[in-house]
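What follows is one structure encoded as structure tokens, with my remarks underneath.
The values are calculated or read from the model by the stated rules, or taken from the named source; none is laboratory data. Just so we're clear, the structure is a prediction, and the values are computed from it rather than from any experiment. Surface accessibility is based on the protein's heavy atoms, side chains included, excluding ligands, DNA and RNA. Shrake-Rupley method; radii C 1.70, N 1.55, O 1.52, S 1.80 Å.
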Amino acid sequence: MAISLIIIGYILAGFLVTPFESFRREHVFHHIHFSTPQDPGGVDYYLTFKSRREMALFLLSPLVGGTLWHKLKEYFHKVGDPDSKSTEETGHKADYVGYISVGLIQISVLMLLTNGLSLTELWRYPVFVILPGATIFLFLSRLRMFLEHGSLDYSVFAYPDNPRKTSRTFISNVFEVLLFSGAGFRYHYEHHLLPGVPSVHLKTVHEKYILPTIEAEDLRPSYFGAVRELWRNLGHSGAPHA
């Protein structure tokens, strides 16, 4: 069973152009360091907004390549930094199987979209794979990460002045489930509390064990409702500045 799940992980990671072990390692670090500046995903939520405009620019910037540009700058900074540690120095081996699986899956997608590498159809790969992945996917990823871990009301907590460990669960409607949480991770509080529980069981855990005791800050009816809540709070006079 464990081997089959790992194989599925490599396949799905290949569609996301991410080596599986690299993704799994980063996700473990996220669980260890969430709600701290050390979280590798903290770039998407560890901040406070001075205004509604700043919030909109931050959340929407992936749609024009903002997140991709940041990731490229971070990558080339590490490559050019003589003090940065290599994978061997940190005890992690390069995920060659992950790189191979990414290559094979992307080649398969390329051939499928272009009718076997037909020159007149090559435009389909960048338009239907690269462009949406570098914009829409990263936008949804940032929005979900922020809403699951960021502050919606600075009177409750604000990074970095008054931090709080937050992993927020969303009840959500069918549309939001399809858009954000096909794997059931809208039950994000439960996922952080019990990361070894398969996602298909998180709803049961939420309803039977978590719902009576979960704090109000860690539960919201919907993702888009949380965006409206933050927007409204940012409009109040005297909202804390970053």
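Our note on the geometry: Cα centres of the range 157-178 and the range 42-56, 14 Å apart.
In this structure the range 99-223 gives 54 Å² per residue of accessible area when probed at 1.4 Å with all protein chains present. Of the solvent-accessible surface of the chain, computed with a 1.4 Å probe and all protein chains present, 67% belongs to carbon and sulfur.
Taking the structure as given and computing semi-axes √(5λ) of the Cα gyration tensor in Å, which label from (1) 34, 19, 16; (2) 27, 20, 18; (3) 32, 22, 21 fits? Checking each listed value against the structure points to (3). Can you tell me the 0 to 90 degree angle between the C-alpha axis of helix 2-15 and the longest principal axis of the chain, rounded to 10? Helix 2-15 sits roughly 80 degrees off the main axis of the chain.
Amide H to amide H distances under 5 Å link Leu219 with Thr169, where only residues 5 or more positions off or on other chains count and H is placed in the peptide plane.
Over the chain, dividing the summed -39,500 (n - 2.57) contributions of all DSSP H runs of at least 4 residues by the number of residues returns a 222 nm mean residue ellipticity of -14000 deg cm²/dmol.
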